[in-house]
Amino acid sequence: MSRRSDPARKPELLAAIVEHLREHPLSGVTFRTLADALGVSPFTLVYHFGTRNELIIEISRAVTARQQQVIDAELAIAPSLDAHVAAIRDSWIGFLEPTTRALLRLEFEAALMEVTDPTLRAGGRDVHARWVEWGTQALERLGVETAEARIEARILVDQLYGFQIDLVVTRDDSGATAAFERALDAYRDRVAALIAVSTA
């Protein structure tokens, strides 16, 4: 009789893999290197994750899952410009956490691997699109016209990506935060002007 698989085993392995990758490059991932680091057999990883590409996709999904929580939290409350700006600032505060910063590095690495390897669907484009869609929805709820909302959302998302890269590369929290706050102030002013136009 074959042994039943443990449904909790894959999530446990994935959590351990992500923890390991906080200090190691995603590009160097193989079943052998991960198996050695985790103290399991390569077969165990192949059994649960299939191919290397499938493993990297699972890692990317695990890293970006936290982002949906941020999106859901804001869209669940009554829309206001103050709440929208506060949600963006709360996200930034989260980025300053060392654990989150390590996950950001993994997220960027997965997205860049996807650009150079057409067979790898790590979800980098999907994550960017999801953030732009969130920003668009948030602004539409405030009364901003859809075309303008989409442009402002993309400006915001692209700036946030830049500030995140700044954090990962320079580790200059105060400098990156000062730049972020100035950009956020300018974003708030532009959105307030768009809301005023829509309600005039």
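The values are calculated or read from the model by the stated rules, or taken from the named source; none is laboratory data. Model, not experiment: these values are computed from the prediction. Reconstructed Cβ throughout: ideal geometry from the backbone, glycine too, with neighbour counts over all protein chains shown.
For segment 139-148, give me each residue that is part of a loop (DSSP other than H, G, I, E, B) and free of Cβ contacts under 8 Å to residues at least 60 places away in the same chain. Break it down into steps so the answer makes sense when it comes.
To start, the set of residues in segment 139-148 that are part of a loop (DSSP other than H, G, I, E, B) comprises 142-145.
If the condition is that a residue be part of a loop (DSSP other than H, G, I, E, B) and free of Cβ contacts under 8 Å to residues at least 60 places away in the same chain, then Gly143, Val144, Glu145 are the ones that fit.
Would you mind telling me which numbered condition in (1) free of Cβ contacts under 8 Å to residues at least 40 places away in the same chain; (2) closer than 18 Å to Leu167 by Cα; (3) among the β-branched types (Val, Ile, Thr) Thr99 fails?
For Thr99, the failing item is (1).
How do the pairs read when you match residues in segment 156-177 that are free of Cβ contacts under 8 Å to residues at least 24 places away in the same chain and under 13 Å from Leu104 (Cβ atoms) with residues anywhere that are surrounded by 18 or more Cβ atoms within 10 Å (Cβ to Cβ) and aliphatic (A, V, I, L, M), using Cβ under 6 Å and keeping only pairs 6 or more apart or on different chains?
Pairs that qualify, where the first residue is free of Cβ contacts under 8 Å to residues at least 24 places away in the same chain and under 13 Å from Leu104 (Cβ atoms) and the partner is surrounded by 18 or more Cβ atoms within 10 Å (Cβ to Cβ) and aliphatic (A, V, I, L, M), are Asp166/Ala176; Ala176/Leu167.
Return the only residue of Thr99, Thr146 being within 20 Å of the chain's Cα centre (by Cα) and surrounded by fewer than 15 Cβ atoms within 10 Å (Cβ to Cβ).
On the way: Thr146 fails: within 20 Å of the chain's Cα centre (by Cα).
Of the residues listed, the single one that is within 20 Å of the chain's Cα centre (by Cα) and surrounded by fewer than 15 Cβ atoms within 10 Å (Cβ to Cβ) is Thr99.
Please pick out the residue among Asp166, Asp185, Asp126 that is farther than 24 Å from Asp72 by Cα and part of a helix (DSSP H, G or I).
Details: Asp185 fails: farther than 24 Å from Asp72 by Cα; Asp126 fails: farther than 24 Å from Asp72 by Cα.
Criteria check complete, one pass: Asp166.
Any residue that is more than 20 Å from the chain's Cα centre (by Cα) and at pLDDT below 95 - is there at least one of those in segment 119-136? Quick ask: steps written out before the conclusion?
Step one: of segment 119-136, the residues more than 20 Å from the chain's Cα centre (by Cα) are 119.
Keeping just the survivors that are at pLDDT below 95 gives 119.
Within segment 119-136, one or more residues are more than 20 Å from the chain's Cα centre (by Cα) and at pLDDT below 95.
Under the condition of being in a helix (DSSP H, G or I) and more than 14 Å from the chain's Cα centre (by Cα), which residue from segment 102-118 is surrounded by the fewest Cβ atoms within 10 Å (Cβ to Cβ)? Even if it seems obvious, please write down each step before you answer.
Narrowing segment 102-118 to residues in a helix (DSSP H, G or I): 102-116.
From what is left, the residues that are more than 14 Å from the chain's Cα centre (by Cα) are 113-116.
Working: Met113: 18, Glu114: 20, Val115: 11, Thr116: 8.
Taking the candidates together, the pick is Thr116.
Which of (1) on the phi > 0 side of the Ramachandran plot; (2) part of a helix (DSSP H, G or I) does Thr136 not meet, given it meets every other one?
(1)
Consider Glu109 against the criteria (1) under 30 Å from Gly143 (Cα atoms); (2) touching a Leu at 6+ places or on another chain (Cβ under 9 Å); (3) among the acidic types (Asp, Glu): it satisfies all of them except one. Which criterion is unmet?
Against the list (1) under 30 Å from Gly143 (Cα atoms); (2) touching a Leu at 6+ places or on another chain (Cβ under 9 Å); (3) among the acidic types (Asp, Glu), Glu109 comes up short only on (1).
Scan Ser60, Ser91 and give me the residue that is surrounded by 13 or more Cβ atoms within 10 Å (Cβ to Cβ), in contact with a Gly (Cβ under 8 Å, 6 or more places away or on another chain) and either small (Gly, Ala, Ser) or modelled with pLDDT of 90 or more (or both).
Sole residue among the options that is surrounded by 13 or more Cβ atoms within 10 Å (Cβ to Cβ), in contact with a Gly (Cβ under 8 Å, 6 or more places away or on another chain) and either small (Gly, Ala, Ser) or modelled with pLDDT of 90 or more (or both): Ser60.
Does any residue of segment 46-53 turn out to be more than 21 Å from the chain's Cα centre (by Cα), at pLDDT 80 or above, over 25 Å from Val168 (Cα atoms) and aliphatic (A, V, I, L, M)?
Yes.
All but one of (1) surrounded by 14 or more Cβ atoms within 10 Å (Cβ to Cβ); (2) in contact (Cβ under 8 Å) with a residue 60 or more places away in the chain hold for Glu152, so report the exception by its number.
Failed condition: (2).
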